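Notes follow the structure.
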Amino acid sequence: MKDLITLLLFALTMLTSGTATAQGGDPGSLRGPLAVVARLGLGAETQASVAGIVKEFRQSSALLDAEVLEVHESIFALLNSEPPDKASVMAEVEVLGELEAQLRAARFSAMFDIRALLSPEQRAELVSMRRRHTEQALDACSEDIQQLCPEFEGSRGALRCLSRMRTELAPACQEAMPEKGKRPGPRGRRALRGL
């Protein structure tokens with residue numbers, strides 16, 4: 001069960017970063033979760049339902065992402081004022097936390113909606129596909145794990161660690177790592193790290 005939830009979250013995260021077909025590209029270049037759905041052998045109606053769930057999620061999360069970006073910009077501006085007003089910054093941090101929780105809730109909701117469309121056999125195949133992908137990533141990234149993330153044991157922690165260091169990874173490891181959707185507002189996070 002935990003593997004299936006992890007896989008569906010991974011798939012949904014990839015969906016939010018876009019795919020060729022969803023953006024009008026060549027269906028033959030389909031990547032990410034929609035490609036996974038295609039490999040599961042889902043019927044056209046089920047694939048259309050999944051695409052609808054993804055589209056709805058993207059639309060709702062785009063609005064929330066825009067709000068998150070605004071709050072990050074606000075925090076960044078507040079931190080750069082002289083002197084920074086701690087109460088104002090903390091109030092914006094609370095707003096940011098609420099928005100990020102809404103995004104997570106929307107992602108989980110979409111994940112469960114997609115999961116409900118799959119048969120037990122398809123869910124089992126999805127878990128198997130995720131395990132194979134994880135094993136391939138661990139194999140391709142073994143040297144990077146030893147050099148950059150030696151303190152992490154187990155695949156989940158090591159791959160999470162590597163995902164935070166993408167620019168430092170060997171090309172083979174970068175290729176094997178799952179694509180990660182970009183979140184807005186990195187300046188606000190960088191500003192917080194500098195304190």
Phi angles of the range 42-47, converted by Karplus (6.51 cos²θ - 1.76 cosθ + 1.60, θ = phi - 60°) into ³J(HN,Hα) in whole Hz with x for Gly and Pro, give 6, x, 4, 5, 5, 4
Quick check: residue separation of Ser88 and Arg104 times 0.36 nm, minus the Cα distance between them. What number comes out in nm?
3.3 nm
Table column - 3J(HN,Hα) (Hz), the range 69-85, Karplus curve with 6.51, -1.76, 1.60, x for Gly and Pro
4, 4, 5, 4, 4, 4, 4, 4, 5, 4, 5, 8, 7, 10, x, x, 8
Whole Å is fine, so just give me how far the alpha carbon centre of the range 47-96 lies from that of the range 109-124.
29
Spin-label point model (7 Å from Cα, Cβ direction): what's the Arg156 to Ser81 distance in nm?
4.1
What Kirkwood hydrodynamic radius do you get for the range 58-181 when you take the inverse of the mean 1/r over all pairs of distinct Cα atoms, in Å?
17.7
J(HN,Hα) series, the range 118-133, from Karplus relation 6.51 cos²θ - 1.76 cosθ + 1.60, nearest Hz, glycine and proline x:
9, 6, x, 5, 5, 5, 4, 5, 4, 4, 4, 4, 5, 4, 4, 5
May I ask for the equivalent-ellipsoid semi-axes of the range 88-149, computed as the square root of five times each C-alpha gyration tensor eigenvalue and listed largest first in whole Å?
32, 26, 4
Could you give the length gained on full extension between Ala170 and Asp139, defined as 0.36 nm per residue of separation minus the Cα-Cα distance, in nm?
9.9 nm
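Any read-out appearing in this document is the output of simple, stated calculations on the displayed coordinates, not a laboratory observation. Quick caveat: nothing in here was measured; it's all calculated off a predicted structure. Glycine gets a Cβ as well: all are built from the backbone with ideal geometry, and neighbour counts include every protein chain shown.
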